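Inspection log for the structure reproduced underneath, given as structure tokens.
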Amino acid sequence: MHDQAKEARLPQKIAVGWAIGEIGVAAYIGITMSYMLYYLTEAQGISPALAGMALLIPRLWDAAIDPFVGAVSDRTPGRMGRRRPYLLFGGATFGLLFAFIFLVPVDLAPMTKVALLVGLYIVTSTAFTFYDVAYSSMAAEMTADYRARTLLVGYKMMAARAGIVLAVIAAPWFFTSGDTLADGFASMGIAAGAVMILSGLWAFFATAQAPQITRPIQHFSLKLEYQALKENRPFLILWLVFLCQNIAVGATATLQIYLVIFVMKVDQALVGTMVAISAISAMLATPLWVRLARRHGKRRIYFISMGMAVVLAIPVLFLPAGWPVALFTLFLLAGIADAATQLCPNAMVPDTVEYDEARSGERREGAIFGTWLLARKLGMALGAFAISLVLTLFGFQAGVDPAGQSESALTGIRLAYTLVPGSIWLVAMILLRFYTLDEDTFNSLRGKMAAAKG
């Protein structure tokens, strides 16, 4: 199908089926951001600084190839369209490769172990990127309606929360039930990998009749791609906001397990439940945020939710250890805010595709979404790496139980959990004020494009 097919109402069956493909993405991101550093320091016995570097290299690689993968998908010919071949290829491989990361023997020499983990993570993240970029790009192809995109992304975000809940609840159950922590992580990797494969293949088959663009862009020029993105001012502003957001999210997600276990002294077996509460509240809050965003505008709701994230980070500075109910409540409220901070930008970025098309005459969803996902991955990588440095700076010791950690290390965890993400959220809020592609502007653009074609 071509551009005119996008004007038809998207069947709910297709929208929900496509959204299920996000479960595997969310499980992958949830586990790698929440538990990967913990896996390296506690199961593999790698120092925080070295573990942080071992994670940073693959994540930077993953982020760097996103725009290239997007440009490739824009130029992919075939009767399945430009995106679905990568759902099949990526969906069938990245979950399988993911499992191997957690099968690395613990008795290898430290540098051999690190090199093997880095290599496996790079290969896995490459397969994941081919899937994720193509999958995300479909949001702009399946519907061109400003408000319908909010609903479509709402389905996707609810599926994402389901994936995160599944990951963060099940993962600790797996890695605490093995004979050793490493054995538990191995079982977790296999189970999570299977979920990722099933999720990706479900999205592939569910979108067989989805509106799509089968005619690829014919020419390729890195200079022209870069120039087009550079001239897409709404996208650039939104990209910077999203980058800041993901630095904050990456820092919070990486540090959450350390906060719960080492600072708040919560039993390790309850970690999954504690962490999952924010994902559950986010999933339940998403329909409300969808309604509010469609009524009051995506940008306004995005701004409000970021302000909520800043406010909710502050109490952790003062919360005494042994107050799990209070921490539980904070996580619940943070999840409500997080639902909107994920929904709104991901519903806004498809609109920048039309802005680019109005200027260039080309539809480059892949390049735009590839660069968009670069912000997510780069931000999370930088946030997680910053946390590994903070842990080292404050004297956190890998492999030492909570009672053996110094007061300096515990204070560092509190400060990093609140001040680092809170300050970055404030920067994101300032940048968002410069974003001007609202519904009226978007509809005006589409009207001019339709008149030019007619």
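None of the figures in this text is laboratory data; all of them are computed from the coordinates on show. Just so it is clear, the model here is predicted, and its values are computed rather than measured. Neighbour counts are summed over all protein chains in view; Cβ atoms, including those assigned to glycine, are modelled from backbone coordinates with ideal geometry.
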Taking the alpha-carbon distance from K13 and a cut-off under 19 Å, which aspartates and glutamates remain once sequence neighbours fewer than 8 residues away in the same chain are dropped?
E22, E141, D145
With axes computed from alpha carbons, what is the tilt in degrees of helix 365-393 against the longest principal axis of the chain, rounded to the nearest 10 within 0 to 90?
20 degrees
Only Cα pairs under 8 Å and at least 6 apart count here; give the relative contact order of the stretch 126-209 as a rounded whole percent.
16 percent
Rank-order 28-39, 229-240, 440-451 by packing density, defined as the average count of other C-beta atoms within 10 Å over each peptide's residues, highest first.
28-39, 229-240, 440-451
Contour minus Cα-Cα distance for K230 and A403 (0.36 nm per residue)
57.1 nm
Counted charge near R295, where neighbours are those whose Cβ lies closer than 12 Å (Asp, Glu -1; Lys, Arg +1):
+4
Using Cα pairs under 8 angstrom and six or more residues apart, how large is the relative contact order of the stretch 312-454, in percent?
33 percent
Would you list D179, D338, D267, D145 from fewest to most Cβ contacts within 10 Å?
D179, D267, D145, D338
Tilt relative to the chain, helix 12-34 - C-alpha long axis, 0 to 90 degrees, to 10
30 degrees
Kirkwood-type radius of the chain, with distances r between different C-alpha atoms, in Å
22.1 Å
Taking Cα atoms only, helix 48-74 is inclined relative to the longest principal axis of the chain by an angle, in degrees rounded to 10, of 10 degrees
Assign one of three labels to the stretch 156-205, namely rounded, prolate or oblate, based on the Cα gyration tensor with a ≥ b ≥ c the square roots of its eigenvalues; rounded applies when a/c is under 1.5, prolate when it is not and a/b is larger than b/c, and oblate otherwise.
oblate
Contour excess over end-to-end distance, with Cα ends at M449 and T329 and 0.36 nm allotted per residue
38.4 nm
If the chain between V311 and K13 were fully stretched, how many nm would it gain, using 0.36 nm times the residue separation less the Cα-Cα distance?
103.5 nm
Under a point spin-label approximation (7 Å from Cα along Cα-to-Cβ), what is the S423-A92 distance to one decimal in nm?
4.9 nm
With a 10 Å Cβ neighbour count serving as the proxy for reagent exposure, in which order, fewest first, do K453, K377 appear?
K453, K377
Counting Lys and Arg as +1 and Asp and Glu as -1, what is the net charge of the other residues whose Cβ lies under 15 Å from the Cβ of A339?
+3
Taking the Cα centre as origin and putting +1 on Lys and Arg beta-carbons and -1 on Asp and Glu beta-carbons, what dipole magnitude results for the chain, to the nearest 20 debye?
1400 debye
